[in-house]
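Here is the structure we will look at.
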Amino acid sequence: MQGLLRLATAGFLAFLGLAAAAVAMTGEKAEFVKLADDVYAYVGKRNDANAMVIVTNQGVVLVDTGNNQPDTRDLAEKIRSVTNQPVRWVVISQYHGDHFGGSPYFTPPATLIVHDRVAKELREMKPYQIKSWRKRFPERTAALEGLAPKDMMMSIPDRMTLNLGGKRIELIYVDDEYNIGDLAVWLPDAGVLHGAFAAYKDRHPDIRPDYSHGTTTTMLKQLEALIALKPRVVVPAHGPLGDVRDLQAMVDYVLLARQKVRVMMDKGLPLAEIIKQFHMNEFRDWDRTSHFDWMAETIFRELQGLGPIRIKIVDRDAKGVITKVTEEGRYFSIDSGDGKELRLRIGSDSNIEGIADRTKLRVGQKVVASYQVPEGFNPALGYDIIEVTVEP
Ligand SMILES: [Zn+2]
């Protein structure tokens, strides 16, 4: 495939995922917590993505779909444990694999509800992404034959209210130029909010200089809109359940982070030095200190009015023998004959041929892979795979 110039989005640059300083963290097992009558939170294990469940007599509204396949199945089981109603709507709060990836488990018959900008992305999904989406749950292969997300979705420009079985469910979009389509879900009668991306709790926000996760400017905008609702309970995208005070804490956090970078810029420090000196020790017990470098660089760009870093992504092909497999196949290395190790990473979009799923990758297998190389970036954890074929 030819090289493409495009804005790097989530998934292309998933170099950060591994290094987590375990501090404020949800438990080793996901929890299903009742928040109000007919409203439940699925709190992901170890700060994995959360989900929210709203039961109505017209069916279940599910917000987000579980961090990975076992979590999605677990989430579906937890829903079945509290209602016989089918999941009829799946709202995507954030168009990232850990929120969207479980959608083929529920749709169809459920309908996806996404922001217009996400709908555009879904309409433009590439064949390998659709294949990978269909294959995510082997038990769903027959149900998804010939289908893609665009065949069962509705989208909203900014606000929509679902009125179901006497319940009011408000979907709220706060405009963000770069991070596409975060939808917050607000239940005014119960005082419960799914806060989408900006509502991180006890976790350093994952913002990146390619602005694929928004900017601190838009985080503040989103937080302001969410705080105005005065939620009694907040289900954050990741992390323990919170309330309006946690949204306020995130405002304080973001303002402090911006101030720190601004002070260093005023002193004339170069970016490399700002990144080196930047810390958020005031929030020492928060999860994911691995996000600091990118946060400092993002703020550095924002404060100068610079747009996102645009990274040239080049698609490459490789052929070789697997020499190492880690994290149940999420990462593996191949030797393509030149003696050099090529490290690759399987994401939620990667299409896998020849084996059922990534857990079946083994040392010694022969593979052909196409993968993406973001130019000028250190592929610390490996390059993202588009497609990998394992020879029988
Ligand atoms: Zn997430």
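The values are calculated or read from the model by the stated rules, or taken from the named source; none is laboratory data. As the structure is a computational prediction, the values presented were derived from the model and not from experiment. Using ideal geometry, Cβ is built from the backbone for each residue, glycine included, and neighbour counts are taken over all protein chains shown.
Computed values, structure above
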item	result
Residue list for segment 283-325, filter: among the hydrophobic types (A, V, I, L, M, F, W, C), under 20 Å from residue 381 (Cβ atoms) and assigned to a strand (DSSP E or B)	313, 314, 318, 322, 325
Hits in segment 190-206 - residues which are of a type in the set (D, E, K, R) and out of contact with any Asp or Glu (no Cβ under 9 Å at 6 or more places or on another chain)	206
Hits in segment 97-115 - residues which are farther than 22 Å from residue 146 by Cα and either at pLDDT 95 or above or surrounded by 24 or more Cβ atoms within 10 Å (Cβ to Cβ) (or both)	99, 115
Selection from segment 259-295 of residues that are among the aliphatic types (A, V, I, L, M) and either at pLDDT 95 or above or over 23 Å from residue 238 (Cα atoms) (or both)	261, 263, 264, 265, 269, 271, 272, 274, 275
Matching residues, segment 125-178, being within 20 Å of residue 103 (Cα to Cα), touching a helix residue (DSSP H, G or I) at 6+ places or on another chain (Cβ under 8 Å) and not hydrophobic (A, V, I, L, M, F, W, C)	134, 136, 140, 141, 145, 149, 150, 155
Single unsatisfied condition, residue 235 versus (1) more than 16 Å from the ligand (Cβ to nearest atom); (2) at pLDDT 95 or above	(1)
Answer residue from segment 272-292, given it is of a type in the set (Asp, Glu) and closer than 19 Å to residue 252 by Cα and is surrounded by the most Cβ atoms within 10 Å (Cβ to Cβ) among those	287
Residue match in segment 132-143 (condition: acidic (Asp, Glu) and within 18 Å of the chain's Cα centre (by Cα))	no
Test result for residue 247, part of a helix (DSSP H, G or I), outside the structural domain of residue 51 (by TED's automatic domain parsing), more than 16 Å from the ligand (Cβ to nearest atom) and aliphatic (A, V, I, L, M)	yes
Test: residue in segment 328-336 that is touching a helix residue (DSSP H, G or I) at 6+ places or on another chain (Cβ under 7 Å) and of a type in the set (Asp, Glu)	yes
Segment 62-96: number of residues that are aliphatic (A, V, I, L, M) and either within 11 Å of the ligand (Cβ to nearest atom) or surrounded by 24 or more Cβ atoms within 10 Å (Cβ to Cβ) (or both)	6
Of residues in segment 250-278 being of a type outside the set (Lys, Arg) and outside any helix (DSSP H, G or I), the one farthest from the chain's Cα centre (by Cα)	268
One residue from 200, 178, 173 being touching a strand residue (DSSP E or B) at 6+ places or on another chain (Cβ under 7 Å) and within 14 Å of the ligand (Cβ to nearest atom)	200
Qualifying residue in segment 331-338 (condition: closer than 21 Å to residue 97 by Cα, out of contact with any Cys (no Cβ under 7 Å at 6 or more places or on another chain), of a type in the set (S, T, N, Q) and modelled with pLDDT under 95)	no
Among (1) buried (at least 17 other Cβ atoms within 10 Å of the Cβ); (2) within 14 Å of the ligand (Cβ to nearest atom) - the single one residue 46 does not satisfy	(1)
Condition broken by residue 99, with the remaining ones in (1) outside any strand (DSSP E or B); (2) away from the ligand (no atom under 15 Å from the Cβ) satisfied	(2)
The listed residue being within 20 Å of residue 42 (Cβ to Cβ), over 16 Å from the mean Cα position of the chain (by Cα) and in contact (Cβ under 8 Å) with a residue 40 or more places away in the chain, out of 195, 242	242
Scan of segment 50-61 for residues that are away from the ligand (no atom under 16 Å from the Cβ) and under 22 Å from residue 183 (Cα atoms), ordered by number	53, 54, 55, 56, 58, 59, 60, 61
